[in-house]
Amino acid sequence: MILKFFRRKTEPDVQLEQGLEKTRRGVFLEITRLFDRSVLDDELYEDLEMLLIQADVGWDVSQGLVGGLRARVDRDRIDDPALAREILREEMIQLLEVASRNRQVKILQRGVPFVIMVVGVNGVGKTTSIAKLAAYHQQFGRTVMLAAGDTFRAAAIDQLKIWGERQNVPVVAHHQGADPGAVVFDAMQAAHARGVDVLIVDTAGRLHTKHNLMAELGKLRKIMQRHVEAAPQETLLVIDATTGQNGLVQAKEFSNSVAITDIMIAKLDGTAKGGIAFAVARELGTPISYVGTGERAADLAEFKPETYVDSLFFGVGEGL
Ligand SMILES: Nc1nc2c(ncn2[C@@H]2O[C@H](COP(=O)(O)OP(=O)(O)O)[C@@H](O)[C@H]2O)c(=O)[nH]1
Ligand SMILES: [Mg+2]
């Protein structure tokens with residue numbers, strides 16, 4: 001009965017599956033099992049809601065998902081739990097797709113710097129994510145340059161330089177405490193002069209007030225736009241999956257200060273709270289573009305709603 005309806009419909013993505021392993025083997029295994037019960041009753045719905053909350057889907061979003069599931073089950077007079085599980089899968093995909101629809105059309109023109117400004121709270125995984133993005137764009141044969149716009153700590157600058165060496169990508173950096181605007185100015189000039197395809201700008205995540213943050217990032221934008229009118233073509237907010245709902249609160253603060261175009265959920269491999277993607281999609285409405293699944297440059301997966309949901313329920317060789 002289960003197999004009749006419940007099968008993965010997308011190609012497995014190895015990175016994503018590894019990233020979601022803890023979530024899948026934890027809460028989502030329990031969710032799958034819920035629907036092995038023989039009846040669809042209040043208890044099942046309540047248990048489902050609790051499990052979704054445990055996976056950090058969040059209170060409101062969990063209620064919304066379960067409410068949507070219930071409405072469809074009632075409307076279509078479904079009494080087979082296995083069919084209800086199929087509907088849950090669809091509802092989950094739909095929730096993620098709503099945010100994906102807000103994706104802006106981006107034009108990546110060879111030789112004109114496509115500028116990615118990476119923002120987020122200190123420690124969420126920005127610098128590591130930049131290395132991953134560099135590797136990602138290199139895969140398409142694009143030339144990449146990095147700018148060390150987080151000038152607060154010397155270690156942050158060194159960390160970016162090390163990634164640059166590993167990835168064979170030039171890094172524009174000034175000394176610790178330098179003006180990030182000056183770093184970005186130099187990087188834009190260098191990228192322009194060399195005809196770099198993708199310039200990725202690291203930023204500090206520790207500006208104390210929202211006003212400071214807005215002013216700083218606004219200034220960086222203006223400097224970028226002197227060279228490339230559309231820059232930054234991508235403003236990527238990095239969120240740490242392991243911080244769950246707290247990460248979501250921080251993300252909201254950021255998106256109130258800066259126009260975010262894309263989200264990366266980092267450290268998905270370190271948590272069983274992979275449900276955070278649903279909360280992020282619903283609460284921010286900004287498309288999630290990537291997930292980070294480890295500490296290496298290769299540990300990045302593109303975010304695709306249907307593949308994401310399938311990877312929560314199915315792992316290759318895990319027998320479901
Ligand atoms: N497991 C895991 N660790 C990560 C991931 N992304 C970043 N990290 C680790 O998180 C820590 C902070 O990352 P960093 O890039 O320095 O964060 P930043 O302060 O925002 O620039 C480092 O130890 C990284 O190795 C990820 O996707 N998975
Ligand atoms: Mg950093």
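The values are calculated or read from the model by the stated rules, or taken from the named source; none is laboratory data. Owing to the predicted nature of the structure, the values given are computational and were not obtained by experimental measurement. As a convention, Cβ positions derive from the backbone with ideal geometry for all residues, glycine included, and neighbour counts pool all protein chains shown. For the accessible areas, the whole protein counts, side chains as well, though only heavy atoms, and no ligand, DNA or RNA atoms are used. Shrake-Rupley method; radii C 1.70, N 1.55, O 1.52, S 1.80 Å.
Does residue 213 satisfy the condition of being within 16 Å of ligand 2 (Cβ to nearest atom), modelled with pLDDT under 95 and not in a loop (DSSP other than H, G, I, E, B)? Yes, satisfied.
Which residues, counting only those in region 114-147, are open to solvent by less than 30 Å² (accessible area, probe 1.4 Å) and within 11 Å of ligand 1 (Cβ to nearest atom)? 118, 119, 120, 124, 125, 126, 127, 129, 130, 131, 132 - these are the residues of region 114-147 that are open to solvent by less than 30 Å² (accessible area, probe 1.4 Å) and within 11 Å of ligand 1 (Cβ to nearest atom).
Out of the residues in region 236-246 that are open to solvent by less than 10 Å² (accessible area, probe 1.4 Å) and within 12 Å of ligand 1 (Cβ to nearest atom), state the one that is nearest to residue 17 (Cα to Cα).
First, pick out the residues of region 236-246 that are open to solvent by less than 10 Å² (accessible area, probe 1.4 Å): 236-239, 241, 244.
This time we only want the ones that are within 12 Å of ligand 1 (Cβ to nearest atom), so: 236-239, 241.
Working: 236: 23, 237: 22, 238: 20, 239: 19, 241: 15 Å.
My answer is 241.
Quick check on residue 206: is it touching a residue at least 40 places away in the same chain (Cβ under 8 Å), surrounded by fewer than 21 Cβ atoms within 10 Å (Cβ to Cβ), basic (Lys, Arg) and within 16 Å of ligand 1 (Cβ to nearest atom)? Spell out how you get there, then give the answer.
Values: touching a residue at least 40 places away in the same chain (Cβ under 8 Å): yes; surrounded by fewer than 21 Cβ atoms within 10 Å (Cβ to Cβ): yes; basic (Lys, Arg): yes; within 16 Å of ligand 1 (Cβ to nearest atom): yes.
Here the answer is yes, as residue 206 does meet what is asked.
Of the residues making up region 161-173, those that are over 18 Å from residue 194 (Cβ atoms) and either open to solvent by less than 30 Å² (accessible area, probe 1.4 Å) or not charged (D, E, K, R) (or both) are 162, 163.
Tell me which residues, restricted to region 150-162, are of a type outside the set (Lys, Arg) and either away from ligand 1 (no atom under 11 Å from the Cβ) or more than 21 Å from the chain's Cα centre (by Cα) (or both). Spell out how you get there, then give the answer.
Filtering region 150-162 down to residues of a type outside the set (Lys, Arg) leaves 150-152, 154-160, 162.
Result: 151, 152, 154, 155, 156, 157, 158, 159, 162.
Would you confirm, using the coordinates I've provided, whether residue 222 is open to solvent by 30 Å² or more (accessible area, probe 1.4 Å) and closer than 26 Å to residue 169 by Cβ? The answer is yes for residue 222. Within region 185-198, being in contact with a His (Cβ under 9 Å, 6 or more places away or on another chain) and surrounded by 23 or more Cβ atoms within 10 Å (Cβ to Cβ) holds for 188, 191, 198.
Check region 258-267 and report whether any residue there is of a type in the set (D, E, K, R) and buried (at least 20 other Cβ atoms within 10 Å of the Cβ). Looking for residues that are of a type in the set (D, E, K, R) and buried (at least 20 other Cβ atoms within 10 Å of the Cβ), one finds at least one in region 258-267, hence yes. Could you grab me the full set of residues in region 54-92 that are of a type in the set (Val, Ile, Thr) and open to solvent by 40 Å² or more (accessible area, probe 1.4 Å)? Across region 54-92, there are no qualifying residues.
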